[in-house]
Each structure stands twice: as structure tokens, then as C-alpha cells.
Amino acid sequence: MNTPSQGPRGEETAVAPDAAPPDFPKVGERLGPWELVRPLEAGGMGVVYLGRRADDAYQQQVAIKLVRPVHLLASPEFRQQLVTRFEEERGILARMSHPNVARILDGGSTPSGVPWLVMEFVEGVPLTEFCKQRKLDVPGRLAVFAKVCDGVQEAHRHLVVHRDLKPDNILVGADGEPRLLDFGIAKILEQEPLAPDGQRQTSLSAMTPAYASPEQVRQQALTTSSDVYSLGVMLYQLVAGVRPYELGGLRPSEAEHVVCELLPDPMRRMLAKAVLTDDERRRRRAQITPDLERIVAKAMHKESARRYGSAQELADDLRRYLAGQPVQAHPDSAAYRARKFVRRNRWGVLVASVALCAVLASAGVALWQARVARQAAEDTARINQFLTGVLAYSDPYVSGGQPSLAQAVDSSLGYIDRNFADRADLRAQLRLVIGNSLLGRGQFAQARGQFELALQEASQSEGAGALRVMEIRQALLQVANAEGLADQAAEGMQQLLDDLVAAGHAGSGVHFAALANLAELRLQQERYEDAAALLAKARALPPSALEQVPPNSLAVLRANEALAAHGQGRHDEALRLFDEAEAMHRALAPRGSPDLWTLLGNRAFLLADMGRGDEAYALRQQALEEQRERLGADSPLLVPQLIGLAIGSLEKGDPGQASSLLREAVEISRSNLPQPHVDTAMLEGMLARTLRDTGDLVAAEDMLAQAEARAALVQPPPQEALEGLAVQRTRICDRAKALALPRCEGVPPPPAD
């Protein structure tokens, strides 16, 4: 039995490798009915001996595994950890019975307390070596690998995540059956507690980085999806002849960047680096189809939610592929990127009337929250006077022009300090309202400035734990998300939730908003289970909290529950929740509202995924007509529906119509967002792709150049957008070789489309 496994990080000891405690079992000694014959291999945690049945009951060769002698001479704490983990492995294996998982036959401990484990002896070689020795073609490799997935699925069925899947831990016997070995760092999901920071760690955290998933490299909570990623890496290696990433010599931070951020080259391209004969390389390249590339890409997706849901799903797709049937894997298309864009823009521009309503509502809140009636009366008078000035400015006879209500609200900024010099609390309150108006209209830098001033003033006048301070902090996090810093916003929102509870504000309206907003961020990150849990917490708040929540927020909550259900594959439930949310919105705004139109767009995505593409397209057209009627032809709120209709047009095979819709979206974005803006660059990139599909490669390249120039000016650099634009350039330039476009010189070949 061969078990070459790399020693886990953190297992180094100062004991000489050849040292051993005097009571450690030696060759020729017996462990129960078994005799140690000779050593086979030593891995990071254990040493494996060839053994045989020694009580004459029957003849059988076995593999006997013990804790490595060197570890038993380490500190008592370290020794105990190793012994405990070894006993866990024994318990894990005892739970499983599958032809593709090495079976446990016996186990026990020596009188001195050294645990031992007897397993079936697999006369075999590592997976990659087996495929090489048998000179298997790609279909033959896939057939063997599907059995590996079957073994991993058996582990997952027992809630076990292996966490160190690699070819050396999979031995293939002469019968062609692979056996899964070495559960030494596996964990049983239901028994592994989370650390206070939300990460799953042990003092003996271990993995082989070349096969580790992004969440494993970051030491985040692991699920069976992490093993699916490792399976994807092995599948890539079996087909391409090399691993997708070469991490040798990299610092940990560099390795993390490679695994978590960089996309591997297509397997067909990586064949050039494999040690193969020219004939073998040609044969294998001919056998790597786009569907196979997609299967591997899905298994290795950076986002765990977009991988195969289980090892069984991966095995099933491989078998469908081998049978010539359609596969379930789909590439990260323009539609996928567009969906993320649309959902990320749920906090889009608000109409000016909403800003005025917010100001008036804020005045009412100030009155209601005043500690004494006299102070409330004074505050009311001062705020009314301020509002009167804002409304007066919107009168053309006063301003001498035709300012919009939004411009009138913005003009009020200069009067806040003068009119409320003695009241930091009222200044903070008004800045919060006006900042929200600026945020809604896409003026992120100005909004941030007002929120930061408001935070200083509210902290000074009310204290760091005041509810209004928490509300302003939440507004700043909304700015961060609008600027594309979703991860930073999510981290800050989680901290805000903790601070709200610590300050005694659990069950407040702000607490509800923080739960709902963090759920939206999790939806953007496609962490659907986390989003669903947060939405359930928000809905379960006491009635006193829900009474403080605007009715439209409850409707948005229901719509987000539908999004979470959609992301988890519960399509019928999602459709029902969308229907309920639409009814709630229609009751509040019969002629439509921004939140309702967002809902209609997301329900269209659901219908498309359910195979009801015509219904989805008609729904988007309905939403777009409502928006144009209510908001005009140049409202930024039209952009998500235009994108959705463009996706639908592409799916109908009409790139010309898609280009027309995206041109409209680009012009709206250029006119309404402060430039340079990453969303505008992404829209230009989408338009370049559709122009490419129409065959107008010169226009496509010109539009892409504008997108690249715009994205290059955005700070901080929008990594995802830049990577997407780079992919579009390689694809456009590949089609435009005959035109000799100057910007295409030196551009590498494109990945699979």
C-alpha cells in the first residue's frame, strides 16, 4: 500500500527522524491478531506497515497504520493532538463501506497507548500514475475519475469532508478500481465547531495547497464543496497533464492570490506544458471539448455556490458527457456577469421625490424622538424653516432658473452649518437624509462626505453607541457597496450588527435594516444560505421592531427571500415568494416603484432558469414600459431591465437587438453616473461582446478600448471588471486577426467561449 502524503503544516518537531520511543511496535511484533511485516510508507501523521494475519485463522495481507514514532517524542500536548486525530480517522473510516473507499478491518491501541488501524491492503499506484501506465485516453481517464467521485460522495454522505484530496491519496488496483485513502485531516461537519472568528481551524490545520480550495486557503468554513474543488483540480491534471496552478516557491500570500483570484488557463492550452509526446498531445487536444472544459471550470469555480452541489453531481455530469448527452455545466457567460451587475445595482438611483419624502419623514422622526415637548416644538420650527428654504429654491421665481427638486436639496448643504450651528444632532440628522439622496443619485463621493461629517457630529452630540450613529455607519457601508467594495461592506455590516446588539439596540428598526442589508450583500456574493438565515432573523424580530420598518422594506425583504430560494435551486418556492412580494409592492405603489421593477427583473431571471424564456422576456418588456412611463427615457433605473432584455435577445439568437439595448444602457450610464465608473465600463464591455457577435469587429474593438480606458482610471482597481474585459479582448482579437487591429498585437489566444 502506497500512501505518500505531504506532512501537514504545523507538524514539525525537533525530534530526529530515526528516533522512536522504546515501546513503539517493531517489525515482527503483533498487534492483536496482526503481525507487522515491513514498513511501506510514512506520511505527515502516520507510518504504514505491511501486515498479515498471524493467528492462523486465515491468510490475509493488510495495511497497518500507526502514529509516526517521531511525533510520539514531541510535547505531550502535540502527541495528544496526533493521537486524537488518528482515533478520529479510525472512527471516520469505520462509518463507511464503499468499493472506492479503503475499508477498515480492525483497530486498537498498544499497552502504551499507541493507536493502530488495520485497513485492506491496496496493491496499487496513485491515480495519475495508473492512468499513465495504462496509457488511458481522455474518456478512459474520465471513467476512472467518476468512480473516485463515487468514493468521495460516500464520505460526504456520512457528513465527512476529506480536505486533502490529491492523486497520491487515491490508489488504483490492478482491477481498475480506485480506493480513497488517508482521512487523517478529514472532519465530520456536524462535530466541528466554529471558532469565534467564524473559521474552522484546528491546531493541526493541514492541506496540500496545490489542491486546496479558495475557502480552504483562506481558512474559512469548509463544506463538501471544498472537496468538489479539489476533485476539479485533479480532473484538470488528469486531462491536461499538469496542475492548473504552479505554487512552488511562492509566499503564502502569493499562493493565496493565485488560488483565490486567478483563473487557470484552458486545459487545451496547458497541454503545451505537459510532458507528452507530440502524438499524445495532439490526440488529447482533440479529445478536450468545450463541454469538458466547462465541467472542469464548474468544479473549480472560485465561488463555492457555483460549483457542483456534490461529488455525485460531478460524477453524473462526467457520465452524461461520456454517453454523449448534454451536460449541466455552463460557462461564466455574459449573462452571468450581467446578473451580478444587475443585482449589485439594487441600491440604484432614487427619484428626487423620494429624497424630499425622506427629508419630511426625517423631520417627523425628529419630532417623535424629542425628549421633551418644548424641545420638539423648537426643533419642528427650525426644521420647517429649513425645508421651506429648500422648497423656495425650487421655485424659478426665487432661483432665477429651472432647478430640479434634487438640485434644491443639494443647495441646502451650504445652509446646514449656518442654520444649525448650535445643534450637532440636527446637523447630523439632516446630513444623513441629504447623504442618502446623494447616494441614491449615484454621487458617491459627495454622499460619503456628508455621512462622515454626520458621523462626527452624531458621535459628539449623542455618543458612539447612539442609534443614530449606528444608522450613519450603515449608510457609509452602503456607499462602500455602491463603490464596488462589497466584501468590505459585508465585513463592516457584520461588525455593525454585533455593535447594535452590544449597545442594546437589538430589535430596533436599524437592527432590522442591518440584517436586511447584510442579507443583500450575501446575495451579491451568492452566499444564498447565509442570506436566507439573515432574512429569517430579520423577519423574526418582534412586532415593535417591524412597526418601525417602512412597508416597502418588508416587501423588499420578501423579494430577497425569493432571490435566496432561487439561488438554492428552490424554484417553485422562489416564484411563490416573488408573487407575494409583487402583491405587497403593487398595494403600496400601483403604478410601480424602483423596488418593484428590480423584483420584476429578478423574477425574469428565475423564469429563464425554469425554461420559460418567453415569459421572462415579456416580463422585462412590461417592467421597462412602466419605468419609461414613470421615469422618462434617461433614468438610470432603466439600466437593469435593458441588460436583462439584452441577455434575453442573445438567448434568442439576436445579437443586433442586444447591441441596440446595451447602447441605450451605456448612454444612460455615461450621462448619470460620475465618471470614470466601473459600472459604465462593464456595460461598455458587454456592448463590445454583442458587437463582436454581430460581426462588427472594428466597432467591438473600439467600444472595448473605451471600456478598458475607463476601467483603468477607477480607484481602487476593479479587478473583476478588468479580468472580464481582458477575456473579451482575447476573444475579439482572435476573430479580428485578419483586420490587423493595432491593439490586438501580442494578445494571447482566447479561453473557451
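Throughout, read-outs are computed from the coordinates displayed, never taken from laboratory work. Nothing here was measured: the structure is a model prediction, and the numbers come from that model. When we count neighbours, we look across all protein chains shown, and the Cβ atoms used for this are built from the backbone with ideal geometry, even at glycine.
Brief remarks follow.
- Taking Ser553, Ser213 and counting other C-beta atoms within 10 Å, the order from fewest to most: Ser553, Ser213
- Here the calculated FRET efficiency for Arg285 and Ala705, from their Cβ-Cβ distance with R0 = 45 Å, stands at 0.90, rounded to the nearest 0.05.
- Between Arg743 and Leu588, the contour length at 0.36 nm per residue exceeds the alpha carbon distance by 50.6 nm.
- Stretched out straight at 0.36 nm per residue, the stretch from Gln219 to Glu720 would grow longer than its current Cα-Cα span by 178.1 nm.
- Stretched out straight at 0.36 nm per residue, the stretch from Leu713 to Ala536 would grow longer than its current Cα-Cα span by 59.7 nm.
- Label-point gap, in nm, between Asp609 and Arg157 - each point 7 angstrom along Cα→Cβ: 2.8 nm
- Simple label model, 7 Å out from Cα along Cβ direction - Lys273 to Ala502, nm: 4.5 nm
- Residue exposure sequence - Thr224, Thr110 - by fewest surrounding Cβ within 10 Å: Thr110, Thr224
- The ranking of Arg729, Arg448 from fewest to most other beta carbons within 10 Å of each one's beta carbon is Arg448, Arg729.
- Whole-angstrom gap from the stretch 279-298 to the stretch 694-731, using each part's C-alpha centre: 28 Å
- Efficiency of FRET from Cβ geometry, Ser109 and Arg306, R₀ 45 Å, rounded to 0.05: 0.50
- Each label was represented as a point 7 Å from its Cα along the Cα-to-Cβ direction; for Glu629 and Glu123 these points are 8.0 nm apart.
- Förster radius 51 Å - calculated FRET efficiency between Lys26 and Glu547, Cβ distance, rounded to 0.05: 0.10
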